[in-house]
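Scroll down for the structure; my scribbles are underneath it.
The values are calculated or read from the model by the stated rules, or taken from the named source; none is laboratory data. Here the structure is a predicted model, which is why all the values come from computation and not from measurement. Using ideal geometry, Cβ is built from the backbone for each residue, glycine included, and neighbour counts are taken over all protein chains shown. Remember, those area values only see protein heavy atoms, side chains included, never the ligands or the DNA or RNA. Shrake-Rupley method; radii C 1.70, N 1.55, O 1.52, S 1.80 Å.
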Amino acid sequence: VRASDTHHLSVRELALAYYVQGDWFQILFIHGFPLDRTVWRQIMATLTGWRRIAPDLRGMGLSDVPNRYSMTEYADDLVALLDALSAPKAVICGLSMGGYIAFEMMRRHPDRIRALILCNTRAEADAEDGKRRRNDMIGLVQREGTGALADVMVPKLLAPASLKVMPAVVEHVRTMIAGNPPAGVVGAIEAMRDRPDSTEMLPKIDLPTLVIAGRDDQLIPPAASRKLADSIPGAQFTLIPDAGHLSPLEQPVATSRVIAEFLGAID
Ligand code: MLT
């Protein structure tokens with residue numbers, strides 16, 4: 001993915017940055033928290049034959065930092081981006097918080113979704129103790145900035161083995177987090193804290209669905225991802241070895257391969 005593949009478009013009164021490559025069927029990649037579109041860099045470099053679109057969510061990466069944040073705002077931004085790119089329908093591939101946004105898109109814009117790829121994510125809302133931890137994290141970012149957040153999050157996002165043997169990946173994750181604007185990161189934490197539960201929707205999902213889990217994911221245990229897949233009729237489940245919470249970065253080859261196989265079958 002070259003720098004020239006990054007574009008900007010104004011939608012809903014804000015400028016969103018996004019990668020786009022290729023043509024033919026559309027696939028929209030939604031990054032996790034507190035990352036940016038570059039988490040999909042290696043995945044974007046494969047999957048030729050698909051039009052790969054990977055935006056920075058509002059408040060992160062190179063996109064504008066507005067005042068309002070919620071799953072609804074993120075979902076509506078992305079549908080506006082699809083409109084602007086003349087993409088009536090797309091496969092939606094969401095990583096972690098990107099999955100929370102995919103569920104919101106299912107609620108609000110189901111006719112825009114061709115298939116779902118749910119990567120290292122969950123359908124449940126935050127429990128009370130989770131909401132308290134979100135508030136503590138907001139305090140940390142407001143007091144000490146996103147560099148301090150990177151110190152806390154990098155060891156949780158990556159598998160212990162990746163932390164040891166993948167210095168370039170560790171550096172990339174740290175750079176994404178520390179480079180994000182505190183206001184956008186706080187907005188994302190509030191949006192995650194206040195997101196609705198999506199478990200009731202799962203048995204009603206009537207789309208080809210792939211669930212991807214990292215075997216060493218410290219934030220979302222593989223058993224929880226397996227349960228997510230089991231709750232969606234006909235969903236496929238893939239466990240990626242030697243990956244933590246960021247399968248697309250830690251094991252890009254294995255992750256692209258399962259995505260390519262899944263896309264091939266719905267083609
Ligand atoms: C993410 O990777 O998007 C976040 O860790 C998800 C979360 O904090 O719930």
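Considering only residues that are farther than 30 Å from residue 237 by Cα and aliphatic (A, V, I, L, M), which ones fall in segment 119-149? Even if it seems obvious, please write down each step before you answer.
Start the filter on segment 119-149 by keeping residues that are farther than 30 Å from residue 237 by Cα, which leaves 132, 135-149.
Residues satisfying the conditions are 137, 138, 140, 141, 148, 149.
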Open item on the list: Suppose the filter is surrounded by 20 or more Cβ atoms within 10 Å (Cβ to Cβ) and either touching a helix residue (DSSP H, G or I) at 6+ places or on another chain (Cβ under 7 Å) or on the phi < 0 side of the Ramachandran plot (or both); does residue 92 pass it?
Closed with: yes
Task: Filter result (surrounded by fewer than 17 Cβ atoms within 10 Å (Cβ to Cβ) and either modelled with pLDDT under 95 or in a loop (DSSP other than H, G, I, E, B) (or both)) within segment 212-226 - done: 215, 218, 221
- [ ] Evaluate segment 237-246: report whether one residue or more is over 12 Å from residue 119 (Cβ atoms), open to solvent by 10 Å² or more (accessible area, probe 1.4 Å) and assigned to a helix (DSSP H, G or I).
- [x] no
Open item on the list: Tell me whether segment 157-169 contains one or more residues that are more than 13 Å from the ligand (Cβ to nearest atom), open to solvent by 60 Å² or more (accessible area, probe 1.4 Å) and more than 27 Å from residue 42 (Cβ to Cβ).
Closed with: no
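Within segment 163-178, how many residues turn out to be of a type outside the set (Ser, Thr, Tyr) and free of Cβ contacts under 8 Å to residues at least 40 places away in the same chain?
Going residue by residue through segment 163-178, those that are of a type outside the set (Ser, Thr, Tyr) are 163-174, 176-178.
Now restrict to residues that are free of Cβ contacts under 8 Å to residues at least 40 places away in the same chain: 163-165, 167-168, 170-171, 174, 178.
The number of residues fulfilling the criteria is 9.
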Task: Test for residue 193: is it open to solvent by less than 60 Å² (accessible area, probe 1.4 Å) and either within 11 Å of the ligand (Cβ to nearest atom) or in contact with a Lys or Arg (Cβ under 8 Å, 6 or more places away or on another chain) (or both) - done: yes
- [ ] With the condition kept exactly as written, say whether any residue in segment 150-164 is in contact with a helix residue (DSSP H, G or I) (Cβ under 6 Å, 6 or more places away or on another chain) and more than 17 Å from residue 245 (Cα to Cα).
- [x] no
Task: Of all residues in segment 20-42 being out of contact with any Gly (no Cβ under 8 Å at 6 or more places or on another chain) and without any contact (Cβ under 8 Å) to a residue 40 or more places away in the chain, the one that is farthest from the ligand (Cβ to nearest atom) - done: 23
Open item on the list: Checking the condition more than 13 Å from the ligand (Cβ to nearest atom) and part of a helix (DSSP H, G or I), which residue from 149, 140, 116 passes?
Closed with: 140
Open item on the list: Take the residues in segment 30-51 that are open to solvent by less than 10 Å² (accessible area, probe 1.4 Å) and over 19 Å from residue 181 (Cβ atoms); name whichever of them is modelled with the lowest pLDDT.
Closed with: 44
- [ ] Determine whether segment 5-12 contains at least one residue that is over 20 Å from the mean Cα position of the chain (by Cα) and not in a strand (DSSP E or B).
- [x] yes
